[in-house]
Amino acid sequence: MGIFDSPRATILLRPEVLDSDYIPEILPHREGLMREIASTISYSLDTGRSSNVFVVGPPGAGKTVAVKYILRELSSYSPLTFQVYINCWVYRTRHSIISHLARELKIPLPRRGVAPDEAYDRIFARINTHRGAVIVLDEVDRLSRGSDEVLYDFSRLHEFLDVPVVAVSIANTEDFVYRLDLRIQSALFSRKLTFEPYTVPQLKDILKERAKLALADGTYDDNVIGLCAAVGWKRGGDARVAISCLYEAAVLAEREGAERITVDHVRRAEGRAGSSLREGLDPRYVPIVEILEEKGELTVKELYNEYTKRAGKVTLRAFRNYISELEALGVIAVKRLNVKGHVRAVRLRF
Ligand SMILES: Nc1ncnc2c1ncn2[C@@H]1O[C@H](COP(=O)(O)OP(=O)(O)OP(=O)(O)O)[C@@H](O)[C@H]1O
Ligand SMILES: [Mg+2]
């Protein structure tokens, strides 16, 4: 064996199956919710009436994967329907969303840019050549502040299109909806579907399906699956954590040359299971996670001082916003250390 060849995997045969963006063929415990979303879409396409769905649920509840699954099915069920998936954390502004839509519709926009109205005219004309449109706005609560106008644009889409449009918005909570214009609320967020956190038995079913495809037969047992499910449940019924725990345990077992994954591998993997959550984190937040990984719990003030040393200057006010965002994302836990809450301690939740 050459020095660059790695030994052949004996446990983790198909690691990609445990990746967070893998879309499985079977999504246990989400069939009913997926059918509801799908029937909203097909009803709109059949009747020509536009509609909306608002999907709400905590991290790892299967929102993104369920909607992506539906889009995949839709492309064979109705190939003439235009579909677009927009992650509003990546495309955070009106401008970037318009450019993304244009790109997806293969509309050439000049480099210097065009006024939004003109871009929209071309976008509408192109969408009208389709049977309808399904527009997914994932992480819609992460749009940058002041970009609500794009939601206003979307709330009026049906007025400008001759074909039906279904807007599917996804968020962790519904708090942000209440500060939006009532018109936006009713056009985009009036039909809510809640994805509840998974229970332990549900997480076990999800893990079993994934393990069957990813791992070699006989290299794991029910205790391993059960413990990974428990880890995901403890962290808020989160399938992402459960699956990544199984992945990390398999990697450990493989690396140690073990014949099978044991409960001990899972226990040791547990601490690393959250790391996939940090992938795709806004780069400004990454140093915060790194510092907390090194130092454990710190007060906001200590963390701020360390952060500015490593990542450069930011105002304390901006930094406090980072902390709130990370808290809302479930990456860190913030504890108030004195009665008035001026002194707060921060630690990683994973
Ligand atoms: N019912 C399910 N069956 C199989 N895999 C699932 C199921 N639910 C979630 N998963 C898997 O768990 C991981 C997290 O799911 P997903 O990304 O859909 O969560 P989410 O609800 O969008 O979370 P977030 O709010 O953090 O974006 C993904 O790898 C996904 O494939
Ligand atoms: Mg998601």
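The values are calculated or read from the model by the stated rules, or taken from the named source; none is laboratory data. Here the structure is a predicted model, which means the values were calculated and not measured. Positions of Cβ are generated from backbone atoms using ideal geometry, with glycine treated the same way; all protein chains shown enter the neighbour counts. With ligands, DNA and RNA removed, areas are computed over all heavy atoms of the protein, side chains included. Shrake-Rupley method; radii C 1.70, N 1.55, O 1.52, S 1.80 Å.
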Query raised in the report: Which ones in the stretch 116-150 are within 15 Å of residue 169 (Cβ to Cβ), at pLDDT 95 or above and open to solvent by 10 Å² or more (accessible area, probe 1.4 Å)?
Result: none
Query - Filtered residues of the stretch 64-83 (kept if within 25 Å of residue 235 (Cα to Cα) and open to solvent by 30 Å² or more (accessible area, probe 1.4 Å)) - result: 64, 65, 68, 69
Report task. Being part of a helix (DSSP H, G or I), open to solvent by less than 60 Å² (accessible area, probe 1.4 Å) and of a type in the set (A, V, I, L, M) is the filter here, so list the residues in the stretch 211-234 that pass it. Result -> 211, 214, 224, 225, 227, 229, 230, 231
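For the stretch 76-185, list the helices (runs of 4 or more DSSP H) that sit wholly inside it and hold at least 2 residues that are within 28 Å of residue 21 (Cβ to Cβ) and in contact with a helix residue (DSSP H, G or I) (Cβ under 8 Å, 6 or more places away or on another chain); which are they? Working first, answer last.
Details: elements: 94-104, 116-127, 148-155, 157-160.
The qualifying helices (runs of 4 or more DSSP H) are 94-104, 148-155.
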Query raised in the report: Of all residues in the stretch 235-250, which are under 18 Å from the mean Cα position of the chain (by Cα) and part of a helix (DSSP H, G or I)?
Result: 239, 240, 241, 242, 243, 244, 245
**Report entry** Total residues in the stretch 84-115, condition open to solvent by 50 Å² or more (accessible area, probe 1.4 Å) and farther than 25 Å from residue 282 by Cβ
**Finding:** 6
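Out of all the residues in the stretch 11-30, which are more than 9 Å from ligand 1 (Cβ to nearest atom) and not in a loop (DSSP other than H, G, I, E, B)? Break it down stepwise before answering.
Residues of the stretch 11-30 that are more than 9 Å from ligand 1 (Cβ to nearest atom), as a first pass: 11-17, 25.
Scanning the stretch 11-30 gives 12, 15, 16, 17.
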Report summary line: The residue from 299, 262 that alone is more than 16 Å from ligand 1 (Cβ to nearest atom), at pLDDT 90 or above and of a type in the set (S, T, N, Q) is 262
Report task. Please specify each residue of the stretch 177-210 satisfying the condition of being buried (at least 16 other Cβ atoms within 10 Å of the Cβ) and within 16 Å of ligand 2 (Cβ to nearest atom). Result -> 193, 195, 197, 198, 206
Requested in this report: Within the stretch 174-190, identify whether any single residue is within 12 Å of ligand 1 (Cβ to nearest atom), of a type in the set (Lys, Arg) and touching a residue at least 24 places away in the same chain (Cβ under 8 Å), and answer yes or no.
Outcome: no
Report summary line: Out of (1) modelled with pLDDT under 90; (2) more than 23 Å from the chain's Cα centre (by Cα); (3) open to solvent by less than 50 Å² (accessible area, probe 1.4 Å), the one residue 339 does not meet is (3)
Report task. Among the residues of the stretch 38-63, write down those that are open to solvent by less than 20 Å² (accessible area, probe 1.4 Å) and over 20 Å from residue 22 (Cβ atoms). Result -> 40, 41, 44, 45, 52, 53, 54, 56
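Which one of 35, 8 is part of a loop (DSSP other than H, G, I, E, B) and basic (Lys, Arg)?
On the way: 35 fails: part of a loop (DSSP other than H, G, I, E, B).
Answer to the selection: 8.
Do you know which residues across the stretch 20-37 are within 16 Å of ligand 2 (Cβ to nearest atom), open to solvent by less than 70 Å² (accessible area, probe 1.4 Å) and not β-branched (Val, Ile, Thr)? Break it down into steps so the answer makes sense when it comes.
Initially, the stretch 20-37 is screened for residues within 16 Å of ligand 2 (Cβ to nearest atom), giving 20-24, 27, 30, 33-34, 37.
Checking the rest, the ones that are also open to solvent by less than 70 Å² (accessible area, probe 1.4 Å) come to 22-24, 27, 30, 33-34, 37.
Listed by number, the residues that qualify are 22, 24, 27, 30, 33, 34.
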